[in-house]
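Q: Sending over a structure as structure tokens; questions will come in a sec.
The values are calculated or read from the model by the stated rules, or taken from the named source; none is laboratory data. As the structure is a computational prediction, the values presented were derived from the model and not from experiment. All Cβ positions, glycine included, derive from the backbone under ideal geometry; neighbour counts span all protein chains shown. Areas reflect the complete protein model, heavy atoms only, side chains present, ligands, DNA and RNA absent. Shrake-Rupley method; radii C 1.70, N 1.55, O 1.52, S 1.80 Å.
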Amino acid sequence: MIDWNEKYGQVDFLYGTHPNEFLVSQIYRLPPGARVLVLGDGEGRNGVWLAEKGFDVTTVDYSTVGCDKARQLADERDVSLAVHCADLTAWDWEEDGFDAVVLIYLHFEPEARRDVYRRAVSALRPGGLLVVELFHPRQLAYQSGGPKRADMLVRASDLSQDLPGVEWLILAEGKVLLNEGPGHNGPGFVTHGVGRRGN
């Protein structure tokens, strides 16, 4: 199992301080001031950026070092961010409370993945949006980051199967060029999408 406190403690910001490009490209879909939950936000790059855009942001991460760095980044950028340090497989999830849930490069073993992703959808208000970008099994051929186990990587068909109550506005797989700090750098292969929770 990865020791995230150790990983986040080794460098300044493992995945940089800029937001994920797919997230940036989809932000126009959110209403002004939307309440957004960012899962597995690590050192806070996505949550802080969303807060800078005027959203009401809650982030959750397992790593205490990551959470501390997220708070530090929020302070440096002069934004408000609710940071929760928690294991998402055991977290007390709020249901029907968020306009959007952001899930960027948050990988689990299959059973835990299905549970956490379904809980992520249940955290949305009806009509709320799920924004995801995850490594695809073809990422194993690349050196730009991600788990080295195929069963922790996700195809578009996995998301469709795991989340039957979601209407996918976008759901795609393909090559990307990652420039997200030393942790995600270079060519890669991802699955990403935007899904809407049904009523």
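Q: Give the residue that is farthest from R119 (Cα to Cα), with candidates limited to residues of the range 173-185 that are small (G, A, S) and at pLDDT below 85.
A: Looking at residues that are small (G, A, S) and at pLDDT below 85, I get G181.
Q: Hey, could you check the range 49-100 for residues that are among the basic types (K, R) and open to solvent by 40 Å² or more (accessible area, probe 1.4 Å) and say which is farthest from P31 (Cα to Cα)?
A: R71
Q: Every residue in the range 160-171 that is modelled with pLDDT of 95 or more and of a type in the set (A, V, I, L, M, F, W, C), please.
A: Hits for the range 160-171 are V166, W168, L169, I170, L171.
Q: Still on this model: Tell me, which residue of the range 14-40 that is buried (at least 20 other Cβ atoms within 10 Å of the Cβ) and at pLDDT below 95 is nearest to F55 (Cα to Cα)?
A: This residue is P19.
Q: Looking only at the range 137-160, which residues are closer than 17 Å to G195 by Cβ, touching a Leu at 6+ places or on another chain (Cβ under 8 Å) and in contact (Cβ under 8 Å) with a residue 12 or more places away in the chain?
A: Selection gives V154, A156, L159.
Q: While we're looking at this one, here's another question. Please return the ranges of helices (runs of 4 or more DSSP H) entirely within the range 16-115 where 1 or more residues are more than 26 Å from R155 (Cα to Cα) and hydroxyl-bearing (S, T, Y). Walk me through it before giving the result.
A: Details: elements: 21-26, 45-52, 64-77.
In the range 16-115, the matching helices (runs of 4 or more DSSP H) lie at 64-77.
Q: Working only within the range 161-199, note down all residues that are touching a residue at least 24 places away in the same chain (Cβ under 8 Å), surrounded by fewer than 18 Cβ atoms within 10 Å (Cβ to Cβ) and assigned to a loop (DSSP other than H, G, I, E, B).
A: Passing the criteria: G165, P182, G198, N199.
Q: Turning to a different aspect of this structure: Right, G127: among the small types (G, A, S), open to solvent by less than 60 Å² (accessible area, probe 1.4 Å) and modelled with pLDDT of 95 or more or not?
A: It is true that G127 is among the small types (G, A, S), open to solvent by less than 60 Å² (accessible area, probe 1.4 Å) and modelled with pLDDT of 95 or more.
Q: Let me ask something else about it. Need the failing condition index for Q139 against (1) farther than 15 Å from L103 by Cβ; (2) open to solvent by 20 Å² or more (accessible area, probe 1.4 Å), just the number.
A: With respect to (1) farther than 15 Å from L103 by Cβ; (2) open to solvent by 20 Å² or more (accessible area, probe 1.4 Å), Q139 is out only on (2).
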